[in-house]
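Inspection log for the structure reproduced underneath, given as structure tokens.
The values are calculated or read from the model by the stated rules, or taken from the named source; none is laboratory data. Just so we're clear, the structure is a prediction, and the values are computed from it rather than from any experiment. All Cβ positions, even for glycine, are placed from backbone atoms using ideal geometry, and neighbour counts span all protein chains on display. Each accessible area value is taken on the protein alone, full model and side chains, heavy atoms only, with ligands, DNA and RNA left out. Shrake-Rupley method; radii C 1.70, N 1.55, O 1.52, S 1.80 Å.
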Amino acid sequence: MVSDAPKHYPVLLNEIISIITPQHGGTFIDCTFGQGGYTKKILSFKNTKVIALDRDIESQKKADKIFNNFEDRFLFKNKKFSQLNDLKLKNEDIRGIIFDLGYSYSQIKDSQKGLSFNSKGNLNMQLGLNEFSAKDVINNLEAKELEKIFKFFGEEQEAKRITYSIVKERKKREINTETLVEIIEKSKRKKNFKIHNATKVFQALRIFVNNEVSELINGLIAATKVLNKDGVLAVVTFHSLEDKIVKYFFKSLSEKKSVSRYVPKIEQPEILFSLKKKKPITPSQKEIKENIPSRSAKLRYVIKKKDFYDFDTDVFKKFKILLEIENFGKKL
Ligand SMILES: C[S@@+](CC[C@H](N)C(=O)[O-])C[C@H]1O[C@@H](n2cnc3c(N)ncnc32)[C@H](O)[C@@H]1O
């Protein structure tokens, strides 16, 4: 997540640069262009090229400005990162791929997007290239489906009570952002003093509306395929659900060390990555002070050790429950 008012802060920028080392040149993919913070830094090194994606059409304007200065070294596509395969990059020499997940400060401030519980009016939450909005979800899905979305995508402990109140209220009137916040405030028994009472439900809706679970899984798989041998795949996450998926994906495809030399090495179908650090890299106190939202950022990265394009993964099986919940959106 980044803030751009009054200043734009690409999260963990120095750490990303020291991991992907654009000083040596090469082609990089920025899967979440946003305001172009990472892209601009990479392009500031000679002999680099950046292919950038963002699902939000607003990013196109920022990209056009960069394109004016780096015409032959920069390409932007208004696409979701799950669509990375469409770019036909199989034979490109890709040295590094980065994901900086979530949304930017300018997006949360955009009242049309309605990402914040402080927004007024229509429930929306679409980042771009979506199939349905939060309004469709809240006003149409069945109670048991809403409850699962709040519980699994938002880790909201009072999902059942909140859902009950929503379903009761929507029979009387269409629910918009203000009324949803009001309903949550009224139905929660345990008031939260650290975060806004509506934070978890809003997070859950954003994840659901933007298909963030399947986007991330498909994005990671597509990125792994096109990455060169010895290339780096780096991901910055902002909530535990994202981090769990990235952590599992990296770990399950990395070499496992046996705990003791007497225990045989665990059978593994595919060892694709070298995982340099088990623990995520987090922002320094200095960065957190300058950009408070960076406090929840976690950076994980791996190096691809094989020349494989296709590979097997059980990541869909592992996160089956979340993907089944995401499928509720198909009927909207
Ligand atoms: C935190 S911002 C990235 C900021 C960027 N690193 C910078 O320095 O300016 C996240 C961006 O990812 C984009 N995004 C989120 N999910 C996406 C997806 N599935 N495919 C493509 N872009 C996505 C959002 O629209 C947003 O612009």
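Residue-wise HN-Hα couplings along segment 308-321, as the Karplus relation 6.51 cos²θ - 1.76 cosθ + 1.60 with θ = phi - 60° gives them from phi, are 4, 9, 8, 7, 9, 8, 9, 5, 5, 5, 4, 10, 4, 4 Hz; Gly and Pro carry x. With the convex hull drawn over the C-alpha atoms of segment 118-267, the volume per residue is 175 Å³. Accessible surface for Tyr105 stands near 70 Å², nearest 10, in the context of the full protein assembly shown (1.4 Å probe). Using θ = phi - 60° in the Karplus curve 6.51 cos²θ - 1.76 cosθ + 1.60, the 3J(HN,Hα) couplings for segment 228-243 round to 5, 4, 6, x, 10, 10, 10, 10, 9, 10, 10, 9, 5, 5, 4, 5 Hz; x is entered for Gly and Pro. Can you compute the label reach from Gln23? Point 7 Å from Cα along the Cβ direction, backbone N cut-off under 19 Å, restricted to segment 31-64. The answer is 38-49, whose backbone nitrogens lie closer than 19 Å to the label point. Working ranking of peptides 31-44, 12-25 by packing, defined as the average number of other Cβ atoms within 10 Å per residue, highest first, is 31-44, 12-25.
Once the Cα-Cα distance is subtracted from the 0.36 nm per residue extended length, the Lys190 to Lys330 segment shows a gain of 47.1 nm. What part of the accessible area of the chain, given as a whole %, is carbon or sulfur when the probe is 1.4 angstrom? The C+S portion of the solvent-accessible surface of the chain is 50 percent. In this structure segment 272-311 gives 64 Å² per residue of accessible area when probed at 1.4 Å with all protein chains present. Using only side-chain charges placed at the Cβ, +1 for Lys and Arg and -1 for Asp and Glu, the dipole size of segment 121-276 relative to its Cα centre rounds to 720 debye.
Averaging 1/r over each pair of different alpha-carbon atoms in the chain and inverting the result gives 21.0 Å, the Kirkwood hydrodynamic radius. In terms of packing, defined here as the mean over residues of other Cβ atoms within 10 angstrom, the peptides 221-228, 187-194 line up highest first as 221-228, 187-194. What the phi angles of segment 74-80 give under the Karplus curve with 6.51, -1.76 and 1.60, with θ = phi - 60°, is a coupling list of 9, 9, 10, 10, 7, 9, 7 Hz, glycine and proline written as x.
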